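Asks: Handing you a structure now.
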Amino acid sequence: MSEEEAQRYGGGTGGGGVGALSVDLLGQVLDRVLERRDRKACRLVSRAFARAEAAHRRALRVLRREPLPRLLRAFPALERLDLSACASLDDASLAAALAGADLGTVRQVCLARASGVGWRGLEALVAACPRLEAVDLSHCVGAGDREAAALAAASGLRELNLEKCLGVTDMGLAKVAVGCPRLENLSFKWCREISDIGVDLLVKKCRELRSLDISYLKVSNESLRSISTLEKLEELAMVACSCIDDEGLELLSRGSNSLQSVDVSRCDHVTSQGLASLIDGHSFLQKLYAADSLHEIGQDFLSKLVTLKATLAVLRLDGFEVSSSLLSAIGEGCTNLVEIGLSKCNGVTDEGISSLVACCSYLRTIDLTCCNLVTNNSLDSIADNCKLLECLRLESCSSINEKGLERIASCCPNLKEIDLTDCGVNDEALHHLAKCSELLILKLGLSSSISDKGLGFISSKCGKLIELDLYRCSSITDDGLAALANGCKKIKLLNLCYCNKITDSGLSHLGALEELTNLELRCLVRITGIGISSVVTGCKSLVELDLKRCYSVDDSGLWALARYALNLRQLTISYCQVTGLGLCHLLSSLRCLQDVKMVHLSWVSIEGFEMALRAACGRLKKLKILSGLKTVLSPDLLQLLQACGCRIRWVNKPLVYKDAI
């Protein structure tokens, strides 16, 4: 850029152009630039925009720990900090990054799956962020009571996610309850060491709770007795709480009438009588999730359900035994439903669906997964009555075809998601669906009749598509991918597993999908390292890549990944023909890589595995390898991996390797 151009666009020191505008005004302009690439272009073309973003940026997601100290100092107005994908982050690096940074504006911090961060790092975080209101520590499986105690020092905390923090007990929960009395949203799902005692103390200390998730805990009805006293509670999830039964729901019904959402899915001892008593005590319920909890629905439950006619918006009954008369009664009694879940329900027929949707014209989401008695007649009824439909799930509904889908496409212009996995649809069906220009998610797995022609229809009209599943669509070839890359440039998730006609030529087109983050190429036996190189040179945002059983992918593919796929976090290379040298170079180069599956790499020697794993030690969180390696890899390496928070999944298959690096 010339000096004259730099002045014109605000890149120089002159007073004209963008540089003449105030930082506040430029910040407001940037707030309206939604695409990340466009914001980056603004920064690169103008130093004025760069300064404005530094002063105005509110959210930051960091992928590597090395630039963290510089980034925290560069953006003094941050409110939301996401470190969930920050590879190899530990207590020392977090504390060092926080030291000296002005984080007085930070209110939300996400540390989900940041298994290297312990109580010392959390203490430093709480001390550096005096206005902290929300922390996500979910899936930090090593976190326990000391980590909970460190978070308890954040007295202003209103939202805390401790899902799958397996070491947290009643003691840790007590620390949080005493230290954070203003908590409003709390999840300790899967924290199975927490008992009724911990829940009771929590309820006594945190009276402002509005959302609580106790799913998968071994708590009993006594916990529901305590929870029933929370006067402001609006959302309660207790999925798979096997010790809770109808008596507990009866106790819950006697509490405050504030509950708006209840999830009792997979609660084996809950019956329709218990749900009826729950509804009887909470007349403002908006969402009821009861999937896989009841074998059948009683009349008492139905009669109470009618009392929610004005408020109930979401009803999930997945796995129930239903009938046409039951669905008709639900339709007549719950006319304001916007979502209905009937996945894997026995007895769902065209008559039942017709009766249901005739009264529920506001439905936006309908889940009929595995309802194999449903035919085009059901689709006709949905099309006639549900003009606002946005999501339709029809997986394994094998009796529908292009005629029914034509009605859906013509009558439901707002359709954003449709799942047709294992429905046997063809190109004509896709020709009709191409009318749905708002389509974002399309799942077509196990549709062998779909060809490049059908994919061309979708590509020409559905430019907003962000997710496409073509699992085992074996008739798709390179030409189909060419059309896809030309018309659907916003795709982020693409599944091409077992589309075995695809070659390197097809992959060369995918390089144009700059927003692609997840790519599944399992068992594409005709692709090589050349095709992988074509993909990663263009798809710089790639986060997850599956190359399992891509037998012709060798070290050249790994070298391309090491050079271009710098944001890659999850990689599967099982059965690929790579060597220890390529593996070592890959694992030492990708600083964001956290999850690797590498089973049956027969060309990698023991020494090759040893060097590669040492190169990635400290960053890996998940590793899947053959169990035979457990006895031949050095014990100190395995101890080091586990000490760094890496969970190893040992696959019990014969160990086969060749004497090569």
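The values are calculated or read from the model by the stated rules, or taken from the named source; none is laboratory data. Just so you know, these numbers come straight off a predicted model, no measurement behind them. Quick reminder, even Gly has a Cβ in these numbers, built from the backbone with ideal geometry, and neighbours come from all protein chains shown. Heads up: the accessible areas ignore ligands, DNA and RNA and are worked out on the full protein's heavy atoms, side chains in. Shrake-Rupley method; radii C 1.70, N 1.55, O 1.52, S 1.80 Å.
Asks: Once amide H atoms are built 1.01 Å from N in the peptide plane, which residues 5 or more positions from Gln594, or in another chain, come under 5 Å H to H?
Replies: Result for Gln594 returns Gln570.
Asks: Here's another thing I want to ask about it. Using a Förster distance of 60 angstrom, determine the FRET efficiency expected from the C-beta separation of Asn414 and Ser602, and round it to 0.05. Write out the running numbers ahead of the final one.
Replies: Working: r = 51 Å, r/R0 = 0.85.
The value I calculate is 0.75.
Asks: While we're looking at this one, here's another question. So how far, in whole Å, is the C-alpha centre of region 85-106 from the one of region 107-123?
Replies: 9
Asks: Find, among the GluC sites (Glu not before Pro) in region 466-565, those assigned to loop by DSSP (not H, G, I, E, B) with at most 14 other beta-carbon atoms within 10 angstrom.
Replies: Working: sites: Glu467, Glu514, Glu515, Glu520, Glu544; in loops: Glu514, Glu515.
For GluC sites (Glu not before Pro) across region 466-565 that sit outside H, G, I, E and B with at most 14 neighbouring Cβ atoms in 10 Å, the list reads Glu514.
Asks: Just the accessible area for Arg393, please: 1.4 Å probe, Å², rounded to the nearest 10?
Replies: 60
Asks: Restrict the search to region 274-336; then list the trypsin sites (Lys or Arg not before Pro) that DSSP places in a loop and that have at most 15 other Cβ atoms within 10 Å of their Cβ. Each step should come with its number before you reach the end.
Replies: On the way: sites: Lys287, Lys304, Lys309, Arg316; in loops: Lys309.
When the trypsin sites (Lys or Arg not before Pro) of region 274-336 are filtered for loop state and at most 15 Cβ neighbours within 10 Å, Lys309 remain.
Asks: Leaving out ligands, DNA and RNA but keeping every protein chain, what accessible area does Ile408 have, in Å² rounded to the nearest 10, with a 1.4 Å probe?
Replies: 0
Asks: If you find the alpha carbon centre of region 383-438 and of region 296-329, how far apart are they in angstrom?
Replies: Each part reduced to its Cα centre gives a spacing of 26 Å.
Asks: What is the extension gain from Arg649 to Ser303, computed as 0.36 nm multiplied by their sequence separation minus the C-alpha to C-alpha distance, in nm to one decimal? Intermediate values should be presented prior to the final figure.
Replies: Details: separation 346, 0.36 × 346 = 124.56 nm, distance 4.91 nm.
Working it through step by step, the gained length comes to 119.6 nm.
Asks: Suppose R0 equals 60 Å; then what is the FRET efficiency for Asp636 and Leu388 from their Cβ-Cβ distance, rounded to the nearest 0.05?
Replies: Values: r = 61 Å, r/R0 = 1.01.
It comes out at approximately 0.50.
Asks: Over 23 Å between Cα atoms, which of Lys597/Lys653; Lys630/Lys653; Lys189/Lys630; Lys40/Lys492; Lys540/Lys597 qualify? Intermediate results must be reported in sequence, preceding the final value.
Replies: Working: Lys597/Lys653 14 Å; Lys630/Lys653 12 Å; Lys189/Lys630 32 Å; Lys40/Lys492 19 Å; Lys540/Lys597 21 Å.
Those over the limit are Lys189/Lys630.
Asks: Ok, one more. Rounded to whole Hz and in sequence order, give me ³J(HN,Hα) for region 173-189 from the Karplus expression 6.51 cos²θ - 1.76 cosθ + 1.60, θ = phi - 60°, writing x for Gly and Pro.
Replies: 5, 5, 4, 5, 4, 6, x, 10, x, 9, 4, 10, 10, 9, 10, 10, 4
Asks: For the pair Lys453 and Leu44, what calculated FRET efficiency results from E = 1/(1 + (r/R0)^6), where r is the Cβ-Cβ distance and R0 = 45 Å, to the nearest 0.05?
Replies: On the way: r = 41 Å, r/R0 = 0.91.
Computed FRET efficiency for Leu44 and Lys453: 0.65.
Asks: Here's something else I'd like to know. Roughly how much of Thr579 is accessible, in Å² to the nearest 10, using a 1.4 Å probe?
Replies: In the full protein context, Thr579 sits at about 40 Å².
Asks: With θ set to phi - 60°, apply the Karplus curve 6.51 cos²θ - 1.76 cosθ + 1.60 along region 210-220 and write out the HN-Hα couplings as whole Hz, x wherever there is a Gly or Pro.
Replies: 10, 9, 9, 10, 10, 4, 6, 8, 8, 7, 10
Asks: Could you point to the residue in Ser115, Gly424, Leu446 farthest towards the positive end of the chain's charge dipole, with +1 and -1 charges on the Cβ of Lys/Arg and Asp/Glu respectively?
Replies: Positive-most Cα among the choices belongs to Ser115.
Asks: Let me have the 222 nm mean residue ellipticity of the chain computed from DSSP H runs of 4+ only, each contributing -39500 (n - 2.57), with the sum over all residues rounded to the nearest 500.
Replies: On the way: 27 runs with 243 residues, N = 661.
When only DSSP H runs of four or more count, the value is -10500 deg cm²/dmol.
Asks: How many angstrom lie between the Cα centre of region 134-175 and the Cα centre of region 531-577?
Replies: 36
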